[in-house]
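The values are calculated or read from the model by the stated rules, or taken from the named source; none is laboratory data. Since this is a predicted model, take the numbers as computed values, not measurements. Neighbour counts run over all protein chains shown; Cβ positions are idealised from the backbone, glycine included. What goes into the accessible areas is simple: the full protein's heavy atoms, side chains included, and nothing from ligands, DNA or RNA. Shrake-Rupley method; radii C 1.70, N 1.55, O 1.52, S 1.80 Å.
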Amino acid sequence: MRIVILSLALLVALPAGARAQAPGGEHEGHGGHATPGEQETHGEPSAPSKDEPRGEHEGPGMHGAGHRGRMAGHAPEVRSLRDIPLMRRGSGTSWQPDLIPSSMLHWDVSGWGLMFQGLLFGGYDVQGGPRGESALAGIGWLMLMVDRELPSGQLVASVMMSPEPFTAGANGGYPLLLQTGEAYRDEPLRDRQHPHDLFMELALSYTHYFSDTWGLLLYAAPAGEPALGPVAFPHRASAWYDPLATLGHHWQDATHISFGVLTAGVVTPAAKLEASWFNGREPDEHRYNLDLRTPDSYSVRLSANPTARVSTQVSYGYLKSPEVLEPDVSVHRLTASATYHAPFGERGFWATTAVFGRNVEGEHAGTNSFLLESSLDLDGHHVVFGRAEYVEKLGHDLVLPEELEEGIFDVGALVLGYVYNFGPLGPVRPGVGVRGALNVVPEGLEPFYGSRTPVGGMVYVRLAPAGGHR
């Protein structure tokens, strides 16, 4: 618990005068800074809410020096590489819509932009049925990002850490029905989500501008994310209020913590094509170190932001020997996703993401996953969120008896939750939430889960930087 206490102390100790900024979501999140007085809603300037100090309400969108944007019903058109908000970057080098609600603390120091953001959840997780458990869990991440606009391009460095090895690492992670992936004490995890590593990202990236309309992106990370999949679930605005992982995580965005990543890409104001060479092995159960290995895997991703509200991507990756318990099995992964962001009413915000992921593991038949998730901030205080998932999981993923290991089982989950955000407490915005999940399993899994519809839930508190709506 020591790191959680230190993390909370850091949030509270940050000066109340720090400016709340748009979130980034990098791991997995990034954020940006903007000049005062530019926030708009549906094209009209909005007054600070009674919960926010005047002059401190900053919208999202972050550009380089002189090009810092705002959350607006109609965000400025991106015509030049220098107009791209840094907030467009999600986890790693992934893109999200330019229109982002604010949730970041920002300072300018001698020409450098310093940005702090994160999410911390703490609560009681209850998963029912014979394979379920109950546990206290602390979940989340904290990130410091530094950027500088140069005459020839933009330099960005980021450090992201998670308290989960200390607060959600007991018995290999926190309970979550139907979740699979990675290992603990030489046994595959099932019905449990592994904790994220202490070091989620240590990365440096540089974008060189050859002209206003095209440039070259370079990204190097001892711990980081290759160009594969959508913005990872801990950093998507559509999942900001849900503390628990997606069931399709290992079909869609599980490479968001890879120990050894090199990425290069060609960038235009509206599209980006990038390729990565990276270490395809999943992190081991020792969550405090860097599991560095020679890169052995590759990926390619095409991303497009046709408007300020929409971001799409399609990607393919070859992961060599990702699981330590099956070193001879490699994975071909294909993903596609679309994200939509929009203001809602006077003070609210709506974010929705749809994701498809497909794995072909060794000689096994290919398996698919589908996700649709959404969060709706009604007024800056009341938030409702939901998630619908369908995943085809092999019997060996679910750790079933030998005679069922090669079977493919259709599983799913329907999630609904609610969060109430209080007014800012200095630079921190606390909230309380509840999450319920109705899981669905086929008849063949009923003996293991005690029901065709096992349930799970969590009650929790939530802490985020006090930035606008978040």
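Say R0 is 30 Å: what FRET efficiency, to the nearest 0.05, do S134 and E77 get from their beta-carbon distance?
Approximately 0.05, to the nearest 0.05.
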| Residues in the stretch 307-342 that a label on T294 would reach, taking backbone N under 15 Å of a point 7 Å out along Cα→Cβ | 320-321
| note | Taking 0.36 nm per residue of separation between L438 and N171 and subtracting their Cα-Cα distance, the length gained on full extension comes to 93.7 nm
| note | With a ≥ b ≥ c from the Cα gyration tensor eigenvalues, square-rooted, and the rule rounded for a/c under 1.5, otherwise prolate when a/b > b/c and oblate otherwise, the stretch 213-283 is oblate
| task | With +1 on each Lys and Arg Cβ and -1 on each Asp and Glu Cβ, and nothing else charged, work out how big the dipole of the stretch 350-470 is about its Cα centre, in Debye to the nearest 20. | result | 1020 debye
| Inter-probe distance in nm under a simple model that places probes 7 Å from Cα toward Cβ, at V360 and Y318 | 1.2 nm
| note | Protection proxy (average C-beta count within 10 Å per residue), highest first, orders 317-330, 256-269 as 256-269, 317-330
| query | How much length is gained on full extension from R185 to R148, taking 0.36 nm per residue of separation minus their Cα-Cα distance? | reply | 9.0 nm
| task | Have a look at L414, F448, A466 and report the one farthest towards the positive end of the charge dipole of the stretch 382-470, computed about the Cα centre with Cβ charges (Lys/Arg +1, Asp/Glu -1). | result | A466
| Relative packing of 182-191, 135-144, which averages over residues the other C-beta atoms within 10 Å, highest first | 135-144, 182-191
| note | Quick calc: nm separation of the 7 Å Cα→Cβ label points for F422 and D284 -> 4.3 nm
| note | In nm, the gap between the two label points placed 7 Å beyond Cα toward Cβ at A270 and S211 is 1.6 nm
| request: For the stretch 128-189 and the stretch 289-312, write down the distance between their C-alpha centroids in whole Å. | output: 18 Å
| request: Select from P175, S205, H235 the residue farthest towards the positive end of the dipole of the stretch 142-238; place +1 on Cβ of Lys and Arg, -1 on Cβ of Asp and Glu, and compute about the Cα centre. | output: P175
| Most to least packed among 418-426, 392-400 [average Cβ atoms within 10 Å] | 392-400, 418-426
| field | D197 accessible area, assembled protein chains, probe 1.4 Å, Å² | value | 0 Å²
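Applying 1/(1 + (r/R0)^6) with R0 = 35 Å to the Cβ-Cβ distance of H382 and S451, what FRET efficiency is obtained, to the nearest 0.05?
Result of the calculation: an efficiency of 0.65.
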| Where the convex hull is taken over the Cα atoms of the stretch 281-356, what is its projected area averaged over directions, in nm²? | 7.8 nm²
| said: Rounded, prolate or oblate for the stretch 221-368? Axes are the square roots of the Cα gyration tensor eigenvalues, ordered a ≥ b ≥ c, and the cut-off for rounded is a/c under 1.5. | reply: prolate
| Rg/Rh for the stretch 99-154: what does it come to with C-alpha atoms and Rh from Kirkwood? | 1.29
| request: Sticking to Cα atoms, compute the Rg of the stretch 320-409 to one decimal and its Dmax as the biggest Cα-Cα distance, whole number, in Å. | output: 18.4, 57
| field | Modelled FRET efficiency - R0 60 Å, I408 with T307, Cβ distances, 0.05 increments | value | 0.95
